[in-house]
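> Here you go, one structure.
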Amino acid sequence: MYVEKTDSTNTLMRQLVAEGNPPEFIYTGFQTAGRGQTGNKWESEAGKNLLCSILLEPDEEPFYLTVAVSVALHRVVADIIEEAVGVSYALSIKWPNDLYFKEQKLAGVLLEGSISGSTLDYAIAGIGLNVNQTRWRSAAPNPTSLKMICKSYLDGVQDFDVDQIMNALYKEVQAVLQLPRRGVWEYYKRHLFRIGEGPWPFVERDVNMAPTMNAPKGTKGAFNAWLVDVKPDGRLVLQDEQGEMRFYHFKQIRYVL
């Protein structure tokens, strides 16, 4: 289902679920109130990017839906970049569910659900993928897009077909959800941002600070660690330079970029 403009595709999907006849996915040319993780606003130029929400069946392990959607998004985008410029090796999944090209953010996922008692009724994967945008008005520190990536390697890059990417992504999400979980988890961990490298600086998040997943270089209290693992409940596992294993839920730790 395509709509030219909406406040948020996740919000619209919730409304349509409540009305009893939701589509499998919604995508739009422009969001007036797009959201990212930790409450951040998602900036997107009208008609330039992929802004969508996909309705998902509930899962006993809610974080697995985040893993599956992230893997599907990575696979689709990696194919596009590889075909265009042959550098898909530089694409990674930044825990828990951002897509990075080198040190720049290319896409984000916002997973939301409806809970009755202790049961998850349904889940919605909101996805924002920067496709053809090349300029940002906000103070977003490190955005990039498919077009910007390709322009750094080639001249005369044309706009990508957002409709085609949406259809490919929806099919890939459904396909990944049918795969054995072990293989999906292995793919997710193998493509994690900064996995197998380091140590890298991290900083524990002060609850009094504005919500963000990243901290600037030189942030007080930063410590160096290796990214070791991600647990089934979504916790990030770090090993610091003293050999101590540290476990963090989402919003408890920030990358220093």
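Values in this text are rule-based calculations from the coordinates and carry no lab data. Bear in mind that the values here come from a model prediction, so they are computed numbers and not experimental data. Note: ideal-geometry Cβ built from the backbone for every residue, glycine included; neighbour counts use all protein chains shown.
> How many Å³ per residue does the convex hull of the Cα positions in the range 1-102 occupy? Can you show the working numbers first?
Values: hull volume 13.1 nm³, N = 102.
Dividing the Cα hull volume of the range 1-102 by its residues yields 128 Å³.
> Not counting the cut sites, what is the longest span of the chain without GluC sites (Glu not before Pro) that DSSP labels loop and that have at most 10 other Cβ atoms within 10 Å?
Numbers: sites that count: Glu4, Glu60, Glu197, Glu244.
No qualifying site falls inside 61-196, the longest such stretch.
> Let me ask something additional. Roughly what would the spin-label model give for Asp59 and Lys102, points 7 Å off Cα along C-beta, in nm?
A separation of 3.2 nm, rounded to one decimal place.
> If you don't mind, another one. Starting from the Cα of Asp79, step 7 Å along the direction of its Cβ; do the same at Asn167; then give the gap between the two resulting points in nm.
Distance between label points: 1.2 nm.
> Shape of the range 2-190 from its Cα gyration tensor (a ≥ b ≥ c, root eigenvalues): rounded if a/c is under 1.5, otherwise prolate when a/b > b/c, or oblate? List each step's numbers first, then the result.
Values: a/c = 1.79, a/b = 1.29, b/c = 1.38.
It is oblate, given that a/c is not under 1.5 and a/b is not larger than b/c.
> Report the calculated FRET efficiency for Asp240 and Ala46 (r = Cβ-Cβ distance, R0 = 30 Å), to the nearest 0.05. Present the calculation step by step, with values, prior to reporting the outcome.
Working: r = 44 Å, r/R0 = 1.48.
The computed FRET efficiency comes out at 0.10.
> Within the chain, which DSSP H helices have Cα atoms that stretch 18 Å or more along the helix axis and a mean Kyte-Doolittle hydropathy of at least 0.5? Provide the component values of the computation, followed by the final result.
Numbers: long enough: 62-85 (35 Å, 1.22); 162-177 (22 Å, 0.47).
Long hydrophobic helices here: 62-85.
> Rounded to the nearest 0.05, what FRET efficiency do Ala90 and Asp121 have when you use their Cβ-Cβ distance and R0 = 51 Å? Walk me through the intermediate numbers first.
On the way: r = 38 Å, r/R0 = 0.75.
In this case the efficiency is close to 0.85.
> Only four residue types carry charge here, +1 at the Cβ of Lys and Arg and -1 at the Cβ of Asp and Glu. Report the dipole size of the chain about the Cα centre in Debye, rounded to the nearest 20.
Approximately 760 debye in magnitude.
> Quick check for me: using +1 on Lys/Arg Cβ and -1 on Asp/Glu Cβ, what's the dipole size of the range 1-97 about its Cα centre, in debye to the nearest 20? Intermediate results must be reported in sequence, preceding the final value.
Numbers: 7 positive and 13 negative charges, 77 e Å.
Here the range 1-97 has a charge dipole of around 380 debye.
> Answer with one residue from Val203, Leu111, Trp95: the one whose Cα lies farthest towards the positive end of the charge dipole of the chain, charges on Cβ with Lys, Arg +1 and Asp, Glu -1.
Val203
> Excluding same-chain pairs closer than 8 in sequence, count the lysine pairs in the chain whose Cα atoms lie under 13 Å apart. Display every interim value, and only then the final one.
On the way: Lys5/Lys48; Lys48/Lys147; Lys94/Lys102; Lys94/Lys105; Lys94/Lys189; Lys189/Lys231.
Within the chain, the lysine pair count is 6.
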